[in-house]
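Visitor: What follows is a structure written as structure tokens; I'll ask about it next.
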Amino acid sequence: MDTTRAPIRSRGAAHPILAHNVNEKGQLQMMRIAIPNKGRLSEEALSLFEKAGLRAQFRADRALVARLGDHFQAIFVRAQDIPEFVADGAAEFGITGLDLVEENNRPEVEELLDLGFGRCRLVVAARDENPAQHPSDLPDGSRVATSFPGLAKRYFASLDTAIQVVPVSGAAEIAPHLGVADVIVDLTSTGSTLRVNGLRELGTILDSSARLIGNSAALAEGAGSQTATELTSALESVLRAQKKRYLMTNVPKARLDEVRQVLPGISGPTIVDVLDQGTWVAAHAVVDEDRLYETIAALKELGAEGILVTRIERLLP
Ligand code: AMP
């Protein structure tokens, strides 16, 4: 695979995302973003970048490198390896689960943004018949099957419990049933895998979701810091927009004061004249998705007609 950094030509006019470094030969280089190469994290990350105006352009099927918009190079690697790649500076930025960032525990990695997807919890779970109610009830010497040995050790050390880690690379749920471990430390999302395997949660070690991370040395330097601010703001604008809807409606002009109470908008609703005898106006506003139902009901009470709700792609404050 060709992972050498493609020099990009200076474009004369400054672009809002200055995602490049200058190497020792004075060439401009794109910054790299490490993205999981498969699974939901991968799909959601690419979709988020695309909505932020950074579409992945692959040269070939299953390519491990792609252009991300005009300004970044994406490298596709295992989610587990991303904290390491970012810590070592192989990529300036990365997207991966907080669980993997915390397990890796490298001081060179900075968390930049919670992306909200890939939510799961790292939990301690025991067989239903285990008498423990909480992880602190487990005796010294307990055997813990996990693919998160770092987080498990740190957690039990904080409880002053000396554990013995039984390393597994997956399917930890079986270990207590085989008698090779007393409990497991594993990820769960709906909890159904634990239940199906006769396991019960004793406690949560970490609430995890996908994060944008950055290399601290790159972030400390001018171009890196500016790119991080711009990238974070671009992704945040998409995340913010996902929780909002744009609502347009015609309302009787006489009820405008009451409409303003119902439609706060970001800085109040936009009111537009309707070409009639002056009895109606159009009101436009950004509304919280989770308040949409009651907002529409309240507008209808005020005589609103022709209510139109649309998604918003990006929302910059
Ligand atoms: P559950 O929904 O609790 O039955 O989880 C199903 C399986 O998916 C479990 O084995 C978890 O280890 C795994 N899992 C759930 N959510 C995530 C996630 N966000 N990242 C990685 N693995 C996950």
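The values are calculated or read from the model by the stated rules, or taken from the named source; none is laboratory data. All of these numbers come straight from a predicted model, not from anything done at the bench. Note that each Cβ is placed from the backbone with ideal geometry, even for glycine, and that neighbours are counted across all protein chains shown.
Visitor: Would you mind stating whether ARG127 is charged (D, E, K, R) and over 30 Å from MET30 (Cβ atoms)?
Guide: Yes: the conditions hold for ARG127.
Visitor: What helices (runs of 4 or more DSSP H) lie completely within the stretch 217-315 and have 1 or more residues being of a type in the set (Gly, Ala, Ser) and touching a residue at least 24 places away in the same chain (Cβ under 8 Å)?
Guide: 222-242, 292-301
Visitor: On to the next question. From the list VAL101, VAL77, VAL109, which one is modelled with pLDDT of 95 or more and in contact with a Phe, Trp or Tyr (Cβ under 9 Å, 6 or more places away or on another chain)?
Guide: It is VAL77.
Visitor: Out of VAL180, VAL185, report the one residue that is under 18 Å from SER147 (Cβ atoms), away from the ligand (no atom under 16 Å from the Cβ) and of a type outside the set (Ser, Thr, Tyr).
Guide: Going through VAL180, VAL185 in turn, the sole match is VAL180.
Visitor: Sticking with this structure for a sec: With (1) in contact (Cβ under 8 Å) with a residue 40 or more places away in the chain; (2) part of a strand (DSSP E or B) as the list, and ALA66 as the residue in question, which single condition is left unmet?
Guide: Among (1) in contact (Cβ under 8 Å) with a residue 40 or more places away in the chain; (2) part of a strand (DSSP E or B), the lone unmet condition for ALA66 is (1).
Visitor: When you check ALA66 against the structure, is it more than 20 Å from the chain's Cα centre (by Cα) and within 16 Å of the ligand (Cβ to nearest atom), yes or no?
Guide: Taking the combined requirement at face value, the residue does not satisfy it.
Visitor: Also, quick follow-up: Which members of the stretch 237-262 meet the condition of being among the β-branched types (Val, Ile, Thr) and either surrounded by fewer than 16 Cβ atoms within 10 Å (Cβ to Cβ) or farther than 15 Å from ILE296 by Cα (or both)?
Guide: VAL238
Visitor: Please go through (1) in the same structural domain as LEU299 (by TED's automatic domain parsing); (2) within 30 Å of GLU111 (Cα to Cα) for SER233 and return the number of the only condition it doesn't satisfy.
Guide: The number of the failed condition is (1).
Visitor: Take the conditions crowded, with 21+ Cβ neighbours inside 10 Å, in a loop (DSSP other than H, G, I, E, B) and within 20 Å of the chain's Cα centre (by Cα) and apply them to LEU41. Does it pass?
Guide: So LEU41 does not fit the description; no.
Visitor: GLU236 fails exactly one of the following numbered conditions: (1) of a type outside the set (Gly, Ala, Ser); (2) within 13 Å of the ligand (Cβ to nearest atom); (3) within 17 Å of the chain's Cα centre (by Cα). What is the number of that condition?
Guide: GLU236 satisfies all of (1) of a type outside the set (Gly, Ala, Ser); (2) within 13 Å of the ligand (Cβ to nearest atom); (3) within 17 Å of the chain's Cα centre (by Cα) except (2).
Visitor: Read through the list (1) within 12 Å of the ligand (Cβ to nearest atom); (2) out of contact with any Asp or Glu (no Cβ under 7 Å at 6 or more places or on another chain); (3) in a helix (DSSP H, G or I), then give the number of the only condition that THR190 fails.
Guide: Looking at each condition in turn, THR190 falls short on (3).
Visitor: Give me a count of the residues in the stretch 75-129 that are over 15 Å from ASN215 (Cα atoms) and among the small types (Gly, Ala, Ser).
Guide: 6
Visitor: Counting only residues that are assigned to a strand (DSSP E or B) and either more than 11 Å from the ligand (Cβ to nearest atom) or out of contact with any Asp or Glu (no Cβ under 8 Å at 6 or more places or on another chain) (or both), how many does the stretch 194-213 have?
Guide: Total satisfying the criteria: 11.
Visitor: Quick check on ALA157: is it assigned by TED's automatic domain parsing to the domain that holds GLY191, among the aliphatic types (A, V, I, L, M) and either exposed (fewer than 14 other Cβ atoms within 10 Å of the Cβ) or under 17 Å from the mean Cα position of the chain (by Cα) (or both)?
Guide: Against the criterion (assigned by TED's automatic domain parsing to the domain that holds GLY191, among the aliphatic types (A, V, I, L, M) and either exposed (fewer than 14 other Cβ atoms within 10 Å of the Cβ) or under 17 Å from the mean Cα position of the chain (by Cα) (or both)), ALA157 qualifies.
Visitor: Just checking: which of the strands (runs of 3 or more DSSP E) contained wholly in the stretch 77-152 hold 1 or more residues that are within 15 Å of the ligand (Cβ to nearest atom), among the polar types (S, T, N, Q) and in contact (Cβ under 8 Å) with a residue 60 or more places away in the chain?
Guide: Hits in the stretch 77-152: 93-97.
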